[in-house]
Amino acid sequence: MASPQTNATVEHNPAGGEHAEPSAFGFNAGGWVALAMLFVFAILLMKKVPGAIGTALDRKIDAIRGQLAEAENLRKEAEALKAEYAAKAAAAETEAATMVERARHEAKALIEKARKDADSLVERRGRMAEEKIAAEERAAVQQLRSAAADAATRAAARLIAERVDAKADSALVDKAIKELGR
């Protein structure tokens, strides 16, 4: 049996023998590791490492919050731009529809005006043609009358020449002179 002041403890080895584990001041290897860990933690606490870690983490959290706020602002700006462009697109679509409708009305008005102008032109040309035909008819009638008068004059002159002799001629001249004297 081992005395309390020895530096080794006896362990039973399952392979069949006893094995001595080293120890110092009553601590084995696991005790010394635990003691070293407590010593490191004590130094860390004395140097205020947890506070420094907390401060660093707080700064990192603030930076992340700032980035999130910036991202939120960017998202809001993007939504505002999207809404603005959607409104502009809707306004442009409405304006385009208005322009198309105005163009249709103008086209209808132009077609109606062209139709009226064509009808007016046809009517005016018809009147001009009728007036030209009437003028041609008057000219033809005048020509026929003139030709008939010339033919009648020649026929009368021939008849007179055939039927009237110098004696009848002097009687006609005398009769015409008497009528002028009255």
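Computed values, structure above
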item	result
Gain upon complete extension [A140, S170; 0.36 nm per residue less C-alpha separation]	6.8 nm
³J(HN,Hα), Karplus 6.51/-1.76/1.60, whole Hz, each residue of the stretch 82-99, x for Gly, Pro	4, 5, 5, 5, 5, 5, 5, 5, 5, 5, 5, 5, 5, 5, 5, 5, 5, 5
Surrounding net charge for I53, when Lys and Arg each add one and Asp and Glu each subtract one, Cβ distance under 12 Å	+3
Assigned charges on the beta-carbon of Lys, Arg, Asp, Glu; the stretch 23-112 dipole about Cα centre (debye)	680 debye
37 °C / 0.692 mPa s Stokes-Einstein diffusion coefficient of the stretch 84-182, Kirkwood radius on C-alpha pairs, µm²/s	151 µm²/s
Cβ-derived FRET efficiency at R0 45 Å, E70 paired with F41, nearest 0.05	0.70
For the chain, convex hull volume per residue from C-alpha positions, Å³	366 Å³
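Here, each number is a calculation from the coordinates, and none is a lab measurement. None of the values given here were measured: they were computed from a predicted structure. Glycine gets a Cβ as well: all are built from the backbone with ideal geometry, and neighbour counts include every protein chain shown.
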